[in-house]
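Below: the structure, in structure tokens.
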Amino acid sequence: MLEKREISAAEITASVFARISCVEDSIKSFVTLTRDQAVHMAENADARISSGSKEPLTGIPVAIKDNMCTEGILTTCSSKILKSFIPPYESTVTSKLLEQGYVLPGKTNLDEFAMGSSTENSGFFTTRNPWDTERIPGGSSGGSAAAVAADECIAALGSDTGGSIRQPAALCGVVGMKPTYGRVSRYGLVAFASSLDQIGPITKNVRDTAVLLNIIAGRDPLDSTSAPLNVPDFTAAVGREIKGMKIGIPKEYFIDGMDPEVESAVRTAIKQYEALGAIPVEISLPHSGYAVATYYVLATSEASSNLARYDGVKYGFRSEGKDLIDMYMQSRAQGFGAEVKRRIMLGTYTLSSGYYDAYYKKAQQVRTLIKGDFEQAFRTVDVILTPTTPTAAFKMGEKTADPLQMYLADIFTISVNLAGVPGISIPCGFTSGNLPIGLQLIGKHFDEETLVQAAYAYEQSTDWHKRRPSL
Ligand code: GLN
């Protein structure tokens, strides 16, 4: 409609904010709403369109998870320690969106520093699942996924260290992709676990994910871990046939304790893939059982190092103290929430002398084995299909007393980050209680094209992605 000039960017932005006014009180997706900036950005977008130039995202409202730096706009990581932090620079991903002339409706809620699976660890408030406001939206990109599902924006960006894009996308009934490690620049993404973090799209359908990925992907001189590879046009994979595609089904991913409704939706999806001409192949990823433990050694070790910079001096919150050391200690004690402190303590322990070899080094060795499992599997299959999560959205408060239960929410997504390969979650059904179920497709390193191809083919043969929550 925007291309045909049937609607203006200003009208799209106004409609997004009208929707936000209606539903935001019950969903609470946003930490910060940037209405004034959005109105201004939409005017500029309309001017740009009038002068005949339009990029795919010109005038499109894209919500940004509040752990990506936006120059001059509050960036809190949903942490009290950064509650007044205004970055002096722009992240690479949002710079790329700015070049396109996008519209920023606001910054979305997350688990503090992206540590969690429900947004209940946010230092400010919990976001609600648009399908059932008594339930969590998943996390840590819960605000982004809920905002997309509740039509408070057209699309969003999230970040994924162990599942934080795919898990909330699954629980909110939308599409979410974690690209290959190195595909998207992490410059300006506030670091949680640098060897695992990756930014990616959360959208209403697979095509929109391809459009966003086209824009945010690519080598960035400001991030030495971004890969010096050409970025293909991911939208070209939309609509490609999947006849003969080999889809690996890992036997370790259909486990006891998994919700039978989730299992049956995923098994039905496998049948649908067969009907589309794909060939399911049983495979094994034998080290899957070690993934959660490995992740919680490596991610916490990296977090303990990355979060050392929040000392009350350079950023955000500073407490009074009787001397310098006391000021550091008080600032951290008051600024960080319980889960972040737990992770810093765990990570500091696993890196400490005498324990380093037993925990950190051992976990790095197991990580190599997990990566090897995927390399082995991809010798015979084109993509791997699994459930995204073992259950649909759980109730608020259900898992907050037991961190291990919360950690298990990411049991199917964590290996993908450890191996560095790309993964996408797409809607594949609903529970009897009308909660969305997601399926995950995992690809070879830098083969997001096959993920788009396989995800789109399934999406178009079902109508799960067309269902909306009634709010
Ligand atoms: N839920 C996982 C954790 O708490 C993953 C979070 C993420 O991907 N950022 O670490």
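Out of the residues in region 83-106 that are of a type in the set (S, T, N, Q) and open to solvent by less than 30 Å² (accessible area, probe 1.4 Å), state the one that is farthest from Leu222 (Cα to Cα). This residue is Gln100.
Screening the candidates Glu263, Glu274 for the property of being assigned to a helix (DSSP H, G or I), of a type in the set (Asp, Glu) and free of Cβ contacts under 8 Å to residues at least 24 places away in the same chain yields one hit, Glu274. Before we move on, is Thr225 open to solvent by less than 10 Å² (accessible area, probe 1.4 Å) and touching a residue at least 12 places away in the same chain (Cβ under 8 Å)? So Thr225 does not fit the description; no. Looking at (1) open to solvent by 10 Å² or more (accessible area, probe 1.4 Å); (2) over 30 Å from Ser319 (Cβ atoms); (3) touching a helix residue (DSSP H, G or I) at 6+ places or on another chain (Cβ under 7 Å), find the lone condition where Lys80 falls short. Checking Lys80 against (1) open to solvent by 10 Å² or more (accessible area, probe 1.4 Å); (2) over 30 Å from Ser319 (Cβ atoms); (3) touching a helix residue (DSSP H, G or I) at 6+ places or on another chain (Cβ under 7 Å), the one that fails is (2). When region 245-260 is filtered for residues that are assigned to a loop (DSSP other than H, G, I, E, B) and open to solvent by less than 50 Å² (accessible area, probe 1.4 Å), the ones remaining, listed by number, are Met245, Phe254, Met258, Asp259. Put simply, of Ala217, Ala237 the only residue that is among the hydrophobic types (A, V, I, L, M, F, W, C), touching a Ser or Thr at 6+ places or on another chain (Cβ under 8 Å) and closer than 27 Å to Val62 by Cβ is Ala237.
When Glu11, Glu3, Glu43 are checked against the criterion of being open to solvent by 60 Å² or more (accessible area, probe 1.4 Å), closer than 16 Å to Leu98 by Cβ and either among the acidic types (Asp, Glu) or over 26 Å from the mean Cα position of the chain (by Cα) (or both), Glu43 stands alone in meeting it. When region 64-75 is filtered for residues that are in contact with an Asp or Glu (Cβ under 7 Å, 6 or more places away or on another chain) and either closer than 15 Å to Gln100 by Cβ or open to solvent by less than 10 Å² (accessible area, probe 1.4 Å) (or both), the ones remaining, listed by number, are Cys69, Thr70, Thr75. Looking at Thr413, Thr380, Thr400, Thr391, which is the one that is open to solvent by less than 10 Å² (accessible area, probe 1.4 Å), of a type in the set (Ser, Thr, Tyr) and touching a residue at least 40 places away in the same chain (Cβ under 8 Å)? One residue alone meets the criteria, Thr413. Of the numbered conditions (1) within 23 Å of the chain's Cα centre (by Cα); (2) in a loop (DSSP other than H, G, I, E, B); (3) more than 21 Å from Gln100 (Cα to Cα); (4) touching a residue at least 60 places away in the same chain (Cβ under 8 Å), Ile242 fails exactly one; give the number of that condition. All conditions are met except number (1).
The values are calculated or read from the model by the stated rules, or taken from the named source; none is laboratory data. As the structure is a prediction and not an experimental result, all values here were calculated from the model. No Cβ is skipped: glycine too gets one built from the backbone with ideal geometry, and neighbour counts run over all protein chains shown. Areas reflect the complete protein model, heavy atoms only, side chains present, ligands, DNA and RNA absent. Shrake-Rupley method; radii C 1.70, N 1.55, O 1.52, S 1.80 Å.
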